[in-house]
Amino acid sequence: MAEVKACNQAANAPAGTPKTEGKVLAPLDAPGYTYMELATTEKRFWIAAPTTRVKVGDRVRFQQSLVMKNFNSKTLNRTFDQIIFVNSATIVN
């Protein structure tokens, strides 16, 4: 969670944000987190969840919690234009 605190361009999602889901295109594991590129019929986007066992093609449902822009993950050595940090992710195949 240190990486989350390090970014000062965060915005909290409004209370009562509906559950969202997407199809896993690419999972990346890091200590304490699983980063997932998800796709819906409208868009592609990244989420970061507590470590979750997922594979390409899984459908994942999550509750949006924190949206961060220009987030740099030192662990993955990459910057995400936008990423959604979530409290949990559930496979709903």
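The values are calculated or read from the model by the stated rules, or taken from the named source; none is laboratory data. All figures in this text were calculated on a predicted structure; none of them were measured in a lab. Here the Cβ is made from the backbone with ideal geometry for all residues, glycine too, and neighbour counts use every protein chain on show.
Data overview
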{"read-out": "Positions within segment 60-82 being surrounded by 17 or more Cβ atoms within 10 Å (Cβ to Cβ) and either in a loop (DSSP other than H, G, I, E, B) or touching an Asp or Glu at 6+ places or on another chain (Cβ under 8 Å) (or both), in sequence order", "value": "Val60, Phe62, Phe71, Ser73"}
{"read-out": "Qualifying residue in segment 60-67 (condition: modelled with pLDDT under 95 and in contact with a helix residue (DSSP H, G or I) (Cβ under 8 Å, 6 or more places away or on another chain))", "value": "yes"}
{"read-out": "Unique residue being of a type outside the set (Gly, Ala, Ser) and either in contact with a Pro (Cβ under 6 Å, 6 or more places away or on another chain) or more than 14 Å from Thr20 (Cα to Cα) (or both) when the list is Lys74, Lys43", "value": "Lys74"}
